[in-house]
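Written below as structure tokens is the structure these notes are about.
The values are calculated or read from the model by the stated rules, or taken from the named source; none is laboratory data. Every value quoted in this text rests on a predicted model; they were computed, and no experiment measured them. With ideal geometry, Cβ positions are generated from the backbone for all residues, glycine too; neighbour counts draw on all protein chains shown.
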Amino acid sequence: MTESVRRLLVVEDERHLATGLKLNFEFEGFEVDIAGTAREAAGKLARPEPYAAIILDVTLPDTDGFTLCRRIRASGNFTPVIMLTARSRAADRVEGLEAGADDYLAKPFELDELIARVRSQLRRREWDAVRGQAVQTQSAQFGVARIDFERHEAWVRGEPIKLTNLELELVKYFTQNPERVISRDELLEQVWKLPNYPNTRTVDNFVLRLRRHFEDDPTRPVHFVSVRGAGYRFLPSGAQND
Ligand code: CA
């Protein structure tokens, strides 16, 4: 792991609290940006430098924190989110976690506890990343699918299915490159080992096959989605279709 400075985004409209959090986390060795509105937060999150974690208040002047959290997840951003709220009802906690938050803290909270929870999320992510690199090539799991690349076996809803070698290699490449736009040329080069091969329709045919295997509705894919004019994206958690 590289020891880069870890940046946090604090989304909180109460100036006092936001500034207090910034100073305290800076004292702990973090860099901290503050966003006072959901809109401002979206702007900061659109920048290329990633945040290590997001501290997100539920009550914001423009959009509530639950909605913002759902939007962050829908955009393919899986940065740890710790939600803050004045409310301590179980329903709010459930809504926060359903919206894709990783943890939840009711106001008023002890600063030490928030710092500990942020650190705990970062440790978990680092550990997942290390472990993920080790197991990533051997197996994958998304939606209703489970694939064992070593044993060349796949299951959908627990039922075994048959994959050809190329289908297996293609789904492996997708699962190793989640969330990213992958061009047809890249797939031809990396999976088919055919750089400069002119016929990209081959790729489309195979992606259709994967959709038939793994999508609930192959005509409305949520995992193997097309990106117009660019290629495909693999979304392990599924796209938000409406
Ligand atoms: Ca607030």
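Might you check whether a residue that is within 22 Å of the chain's Cα centre (by Cα), surrounded by 15 or more Cβ atoms within 10 Å (Cβ to Cβ) and hydrophobic (A, V, I, L, M, F, W, C) occurs anywhere in the range 125-138?
Taking every residue of the range 125-138 in turn, none turns out to be within 22 Å of the chain's Cα centre (by Cα), surrounded by 15 or more Cβ atoms within 10 Å (Cβ to Cβ) and hydrophobic (A, V, I, L, M, F, W, C).
Out of everything in the range 61-78 that is closer than 19 Å to Gln121 by Cα and within 16 Å of the ligand (Cβ to nearest atom), what residue ends up being surrounded by the fewest Cβ atoms within 10 Å (Cβ to Cβ)?
Kept after step one, since they are closer than 19 Å to Gln121 by Cα, are these residues of the range 61-78: 65-66, 69-70, 72-73, 76-78.
Now narrow it down to the ones that are within 16 Å of the ligand (Cβ to nearest atom): 65-66, 69.
Working: Gly65: 26, Phe66: 19, Cys69: 25.
If we take residues in the range 61-78 being closer than 19 Å to Gln121 by Cα and within 16 Å of the ligand (Cβ to nearest atom), then Phe66 is surrounded by the fewest Cβ atoms within 10 Å (Cβ to Cβ).
Just to be sure I understand the filter: pairs with C-beta atoms under 9 Å, separated by 6 or more residues or on different chains, first member in the range 170-182 and in the same structural domain as Asp204 (by TED's automatic domain parsing), second member among the aromatic types (Phe, Trp, Tyr) and surrounded by fewer than 18 Cβ atoms within 10 Å (Cβ to Cβ). Which pairs pass?
Once the first residue is in the same structural domain as Asp204 (by TED's automatic domain parsing) and sits in the range 170-182, its partners that are among the aromatic types (Phe, Trp, Tyr) and surrounded by fewer than 18 Cβ atoms within 10 Å (Cβ to Cβ) give Leu170/Trp192; Glu179/Phe78; Ile182/Tyr173.
What do you reckon, is Val81 in contact with an Asp or Glu (Cβ under 9 Å, 6 or more places away or on another chain), β-branched (Val, Ile, Thr), at pLDDT below 95 and more than 25 Å from Trp127 (Cα to Cα)?
Details: in contact with an Asp or Glu (Cβ under 9 Å, 6 or more places away or on another chain): yes; β-branched (Val, Ile, Thr): yes; at pLDDT below 95: yes; more than 25 Å from Trp127 (Cα to Cα): no.
Against the criterion (in contact with an Asp or Glu (Cβ under 9 Å, 6 or more places away or on another chain), β-branched (Val, Ile, Thr), at pLDDT below 95 and more than 25 Å from Trp127 (Cα to Cα)), Val81 does not qualify.
Taking the range 171-216 on its own, how many of its residues are of a type in the set (A, V, I, L, M, F, W, C) and more than 21 Å from the chain's Cα centre (by Cα)?
Taking the range 171-216 as the starting set, the residues that turn out to be of a type in the set (A, V, I, L, M, F, W, C) are 171, 174, 181-182, 187-188, 191-192, 194, 203, 206-208, 210, 214.
When the remaining residues are screened for being more than 21 Å from the chain's Cα centre (by Cα), the result is 187-188, 191-192, 194, 203, 206-208, 210.
Selection size over the range 171-216: 10.
Could you figure out which of (1) within 21 Å of the chain's Cα centre (by Cα); (2) modelled with pLDDT under 90; (3) under 21 Å from Ala129 (Cα atoms); (4) not hydrophobic (A, V, I, L, M, F, W, C) isn't true of Tyr51?
(2)
State all residues of the range 1-54 that are within 16 Å of the ligand (Cβ to nearest atom) and within 17 Å of Ala74 (Cα to Cα); if no residue qualifies, say none. Talk me through it step by step, then tell me what you get.
Going through the range 1-54, the residues within 16 Å of the ligand (Cβ to nearest atom) turn out to be 9-22, 34-41, 54.
Scanning the range 1-54 gives Ala38, Arg39, Ala41, Ile54.
For Ala90, are the conditions met, namely being away from the ligand (no atom under 15 Å from the Cβ), more than 18 Å from Arg7 (Cα to Cα) and modelled with pLDDT of 80 or more?
Working: away from the ligand (no atom under 15 Å from the Cβ): yes; more than 18 Å from Arg7 (Cα to Cα): yes; modelled with pLDDT of 80 or more: no.
When the stated conditions are applied, Ala90 does not pass them.
Please count how many residues of the range 115-129 are of a type in the set (Asp, Glu) and over 17 Å from Gly100 (Cβ atoms).
Going residue by residue through the range 115-129, those that are of a type in the set (Asp, Glu) are 126, 128.
Imposing the further condition that a residue be over 17 Å from Gly100 (Cβ atoms) reduces the set to 126.
So the count comes out to 1.
For the range 140-169, which positions are in a strand (DSSP E or B), in contact (Cβ under 8 Å) with a residue 40 or more places away in the chain and farther than 23 Å from Ser183 by Cα?
Matches in the range 140-169: Ala145, Ala154, Val156, Ile161.
If I go through the range 190-242 residue by residue, how many of them are more than 22 Å from Ile147 (Cβ to Cβ) and charged (D, E, K, R)?
Going residue by residue through the range 190-242, those that are more than 22 Å from Ile147 (Cβ to Cβ) are 194-201, 219, 227-230, 240-242.
Next, only the ones that are charged (D, E, K, R) stay: 201, 228, 242.
Within the range 190-242, residues that are more than 22 Å from Ile147 (Cβ to Cβ) and charged (D, E, K, R) number 3.
Any chance you could count how many residues in the range 200-233 are more than 22 Å from Glu159 (Cβ to Cβ), of a type outside the set (A, V, I, L, M) and surrounded by 11 or more Cβ atoms within 10 Å (Cβ to Cβ)?
The number of residues fulfilling the criteria is 7.
Here are some residues: Val81, Val58. Which one is touching a Gly at 6+ places or on another chain (Cβ under 8 Å) and more than 14 Å from the ligand (Cβ to nearest atom)? Before you say what the answer is, go through the steps one by one.
On the way: Val58 fails: more than 14 Å from the ligand (Cβ to nearest atom).
Every option except Val81 fails the conditions.
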